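K.L.:
The following block contains the structure, expressed as C-alpha cells.
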Amino acid sequence: MKSYEMDMTTGSLWKKIMIFSIPLMFSNILQIVFNISDVAVVGKFAGPIALGSVGSTSILVTLSTGIVLGLSSGVSALTALYIGARDDSEVKKTVDTAALLMAFSGVLIMVVGIVLARTILTAMHTKEELMEGAVCYLRIYLLGTPALAVFNFGNAVLSAAGDTRRPLNYLTVAGVINVLLNLFFVIVCHIGVSGVAIASIISQYISAGLVLRLLLRSPEAFGLRIHSLRIDHGRLRQILGIGIPSALQYALFAVANLFVQTSVNYFDHVMVEGNSAAANSDPLVYDMMAAFYTACTSFIAQNLGAEKWDRIRKSFYICLLYSFMLGLFLGVGIYVLRYPFLGMFTNDQTVVDAGIRRLSVMALSYSISAFMDCTIAASRGLGRTVVPMLIVTAGSTVFRLLWIWTVFAHFRTIESLYLLYVVSWTVTAIPELIYFVHIFKSVEGTRQAA
C-alpha cells in the first residue's frame, strides 16, 4: 500500500480516523475559502450592497454544491467497500462509471441553475437593490459547477483509498489563487461581484485539473484510463442508489433553508446583511465537522467489505465524539471572536450587531448536528440512504417549515427563526440513531448467516 493510502481495516481507529480527517478538514476549509473570500472581499471593498448580493445566493450555492457532494458520497462509499474487499476489478468499474456520471451531473446543474437563477432569487423575495448583483454572481459562479463535480469525484475516490493529503495540496494552490484573484478583480479592476465569481471558477478549474491529472497518471485500480472509460450499469445503479438519496437530502436541507432565507428577507436590509455575514460561520463549522462524517462513511464501508463488525461500531462512536467536540469548540470559539470574525465581512457596526444575534444562538447549537449527520454518514457506509433521507425530510425539512409557519409566525423575532436549527437537528437525530442501530444489527446478522 502506498504511503498516501490507508488501510482502514487494521490498526488504531482513534489515530487513523484523526490522521485521515485532519487533511480533509483543511481541504473542506479551502473549499469554503472560495465562497467566504468572495463575501469578505466584496464586503470590505465593494460595500454592503455587494455583500448582500453575494450573501443572498449562499443557499443556492449550497444547494448546487450539496447535490454534487451527495452524488460523490455514493462514489466514496462504493469505492471504499470494494477497496476493503480487495476487489480491484469492481474498484475500476466503480471509478470509471463515477467519472462519467459526475461530469454529466456538473454540466446539468450548471445549465439548469443558470436558466432558473433569476426565477429562484425572485421567489426567495431577494431585495430589489440586491437582485442584479445576486443574479450576476450566481450565473457566473455556476459556470464552475462541472469543475466542482470533477474535483469532488476525485476527492471521493482518493478519500475512499485513505488519501486525503494530495487533494489538500491541490486545494491549497487553488485557494491561494482564489484569494489573490479576488483582490485583483475587486481592488484593481473594480468589477466587484462579477470579479469574485470569476476568481472562484478559475480556482475550481485549477483544483479539478490537478486531481484529474493525478488520477490519469495513477497506476492503482482507482486510476482513470480515458480509452477504457465506460458506464457499468450495475455500478451505476449502486452509486445512484446511495448518491441520489444523499443528494436529495442535501437538496431538501437547502430547500428548507430557502424558506429560512425568505423569512430573513422579511426583515430590513441590515438584518439581511448581518445574517449573510454571520452565516459564513455555518460552512466553516459544518465542513470541518464533515471531515469526520466522511471518515465515518469510509471507515465503515471498508470494514464492511472486510466484515469487521467491531471496527464498524467503534468507527461510528469515535467519529461521533470527534465531530461533537469539534462543533462545540468551533461554535463557542467563533462567538468569543465574534467582532474580528464579523469584521472580516463588513465595516458597518449595525451589520456586525445584527450578525451577533445569529452567532449568539448558533454557538452552542452546531455540536448537536453531529448526532444527526454522523449517524446519516454511518448508515451511508452500510449502503443505506433512502430511510435516512426520509427521516431528514420529516425532521429537518417538514419540521422547519412547520416551525416557520407557527413559532416564527407567532413571535416574528430573528431569534425565534434561528432556534429552528437546533430543534430540528434534535428531532431528526433521535430516529436516525434508532434506524442505524437497527440496520447495523440486520446487516451483521445477514452477512454472518451467509
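The values are calculated or read from the model by the stated rules, or taken from the named source; none is laboratory data. It should be emphasised that the depicted structure is a prediction, and the values quoted were computed from it without experimental measurement. Every residue, glycine as well, gets a Cβ built from its backbone with ideal geometry; the counts of neighbours run over all protein chains shown. Side chains are part of the model used for accessible areas, which takes the heavy atoms of the whole protein and leaves out ligands, DNA and RNA. Shrake-Rupley method; radii C 1.70, N 1.55, O 1.52, S 1.80 Å.
K.L.:
Work out from phi, with θ = phi - 60° and the Karplus expression 6.51 cos²θ - 1.76 cosθ + 1.60, the ³J(HN,Hα) of each residue of segment 191-197, listed in order in whole Hz, and give x for Gly and Pro.
P.N.:
Each residue's phi maps through the Karplus curve to give 10, x, 4, 5, x, 6, 5 Hz.
K.L.:
Treat segment 148-190 as a sphere of radius equal to its Kirkwood radius over Cα pairs and apply Stokes-Einstein at 25 °C in a medium of 0.890 mPa s; give the translational diffusion coefficient in µm²/s, rounded to a whole number.
P.N.:
209 µm²/s
K.L.:
Considering only C-alpha atoms, what is the centroid distance from segment 162-235 to segment 66-102, in Å?
P.N.:
Computed from Cα coordinates, the inter-centre distance equals 19 Å.
K.L.:
Place +1 on the Cβ of every Lys and Arg and -1 on the Cβ of every Asp and Glu in segment 306-413, take the dipole about the Cα centre, and give the residue among Gly327, Gly355, Ala394 whose Cα lies farthest towards its positive end.
P.N.:
Looking along the dipole axis, the top candidate is Ala394.
K.L.:
Quick one, what does Rg over Rh come out to for segment 215-257 if you take C-alpha atoms and the Kirkwood Rh?
P.N.:
Result for segment 215-257 is an Rg/Rh of 1.19.
K.L.:
Okay, next question. Only Lys, Arg, Asp and Glu count, each charged at its Cβ (+1, +1, -1, -1), so figure out the dipole size of segment 258-417 about its Cα centre, rounded to 20 debye.
P.N.:
Charge dipole, segment 258-417, about its Cα centre: 580 debye, nearest 20.
K.L.:
Using the Karplus curve 6.51 cos²θ - 1.76 cosθ + 1.60 with θ = phi - 60°, work out ³J(HN,Hα) for each residue of segment 397-407 in order, rounded to whole Hz, and write x for Gly and Pro.
P.N.:
10, 4, 4, 5, 5, 4, 4, 4, 7, 10, 4
K.L.:
Counting heavy atoms of the protein chains only and a 1.4 Å probe, report the per residue accessible area for the chain as a whole number of Å².
P.N.:
Result: 38 Å² per residue.
K.L.:
Is the shape of segment 348-421 best called rounded, prolate or oblate, per the rule: a/c under 1.5 gives rounded, else a/b larger than b/c gives prolate, else oblate, with a ≥ b ≥ c the square roots of the Cα gyration tensor eigenvalues?
P.N.:
oblate
K.L.:
With 19 Å as the limit, write out which pairs from Lys93/Lys441; Lys15/Lys314; Lys314/Lys441 have Cα-Cα distances beyond it, or answer none.
P.N.:
Lys93/Lys441
K.L.:
Ignoring ligands, DNA and RNA, please state the percent of accessible area on segment 126-170 from carbon and sulfur, probe 1.4 Å.
P.N.:
For segment 126-170, the apolar C and S fraction of the accessible surface comes to 55 percent.
K.L.:
Another question about this same structure. How large is ³J(HN,Hα), in whole Hz, for each residue of segment 91-96 in order, when computed from phi with the Karplus curve 6.51 cos²θ - 1.76 cosθ + 1.60 and θ = phi - 60°, using x for Gly and Pro?
P.N.:
4, 5, 4, 5, 5, 4
K.L.:
List the chymotrypsin sites (Phe, Trp or Tyr not before Pro) within segment 262-337 that fall in a DSSP loop (any state other than H, G, I, E or B) and whose Cβ has at most 13 other Cβ atoms within 10 Å.
P.N.:
Within segment 262-337, the qualifying chymotrypsin sites (Phe, Trp or Tyr not before Pro) (loop, at most 13 other Cβ atoms within 10 Å) are Tyr266.
K.L.:
Next question. Can you show me the helix-derived [θ] at 222 nm for the chain, built from DSSP H runs with n ≥ 4 at -39,500 (n - 2.57) apiece and divided by the number of residues, rounded to the nearest 500.
P.N.:
Calculated from helices alone, the mean residue ellipticity at 222 nm is -27000 deg cm²/dmol.
K.L.:
OK, next. Is there a quick way to get the dipole size of the chain? I mean about its Cα centre, with the Cβ of Lys and Arg at +1 and of Asp and Glu at -1; what is the value in debye to the nearest 20?
P.N.:
For this selection, approximately 940 debye.
K.L.:
Mind checking which of Tyr339, Gly84, Ser64 is farthest towards the positive end of the chain's charge dipole, using Cβ charges of +1 (Lys, Arg) and -1 (Asp, Glu) about the Cα centre?
P.N.:
Of the candidates, Gly84 comes out farthest on the positive side.
K.L.:
Hey, another quick one. So if each residue of separation counts as 0.36 nm, and I subtract the Cα-Cα distance between Asp353 and Leu108, what length gain in nm does that give?
P.N.:
84.2 nm
K.L.:
Related question: Compute from the Cα atoms of segment 266-373 the Rg and the Dmax, the latter being the longest Cα-Cα distance, and quote both in angstrom.
P.N.:
Looking at segment 266-373, its Cα Rg and Dmax stand at 17.6, 57 Å.
K.L.:
What spacing in nm lies between the two simple spin-label points modelled at Leu116 and Thr426, each 7 Å away from Cα in the Cβ direction?
P.N.:
Going from the Leu116 label point to the Thr426 one covers 3.4 nm.
K.L.:
Over segment 169-328, what number does the Rg to Rh ratio reach, with both radii from the alpha-carbon atoms and Rh per Kirkwood?
P.N.:
Radius of gyration over Kirkwood radius for segment 169-328 works out to 1.03.
K.L.:
Please get the size of the charge dipole for segment 155-311, origin at its Cα centre, with Cβ charges of +1 on Lys and Arg and -1 on Asp and Glu, quoted in debye to the nearest 20.
P.N.:
Dipole magnitude for segment 155-311 comes out near 740 debye.
K.L.:
Under the rule that a partner needs its Cβ under 4.7 Å from the first Cβ, which Cys of the chain have none?
P.N.:
Cysteines of the chain left without a disulfide-compatible partner: Cys136, Cys189, Cys374.
K.L.:
Still on this structure, please answer the following. I'd like to know which of Cys136, Leu171, Leu210 lies farthest towards the positive end of the charge dipole of segment 109-221, counting +1 on Cβ of Lys and Arg and -1 on Cβ of Asp and Glu.
P.N.:
About the Cα centre, the residue reaching furthest to the positive side is Leu210.
K.L.:
Give the residue list of trypsin sites (Lys or Arg not before Pro) in segment 362-445 that are DSSP loop and have at most 14 other beta-carbon atoms within 10 angstrom.
P.N.:
Those satisfying the criteria are Arg412.
K.L.:
Grab the eigenvalues of the alpha-carbon gyration tensor for the chain, scale each by 5, take roots, and send me the semi-axes largest first in whole angstrom.
P.N.:
They are 35, 25, 19 Å, listed from largest to smallest.
K.L.:
What's the center-to-center distance, using Cα atoms, between segment 344-365 and segment 135-152 in Å?
P.N.:
Each part reduced to its Cα centre gives a spacing of 28 Å.
K.L.:
State whether segment 32-182 is rounded, prolate or oblate according to the following rule on the C-alpha gyration tensor (a ≥ b ≥ c being the square roots of its eigenvalues): a/c under 1.5 gives rounded; otherwise a/b larger than b/c gives prolate, and the remaining case gives oblate.
P.N.:
Because a/c hits 1.5 or more and a/b exceeds b/c, segment 32-182 counts as prolate.
K.L.:
Right, next: For a test of the definition: using alpha carbon positions, the gyration tensor, and the 1.5 limit on a/c, classify segment 104-256 as rounded, prolate or oblate.
P.N.:
Because a/c hits 1.5 or more and a/b fails to exceed b/c, segment 104-256 counts as oblate.
K.L.:
Another question, if that's okay. If you roll a 1.4 angstrom probe over the protein chains with everything in place, what fraction of the accessible area of segment 261-356 belongs to carbon and sulfur, to the nearest %?
P.N.:
Of the solvent-accessible surface of segment 261-356, carbon and sulfur hold 67 percent.
K.L.:
Now a separate question. Quickly work out the Glu128-to-Ile231 label distance, labels modelled 7 Å from Cα along the C-beta direction, and quote it in nm with one decimal.
P.N.:
4.7 nm
K.L.:
Within the set of other residues whose C-beta is less than 15 Å from the C-beta of Leu13, count the net charge using Lys and Arg as +1 and Asp and Glu as -1.
P.N.:
+4
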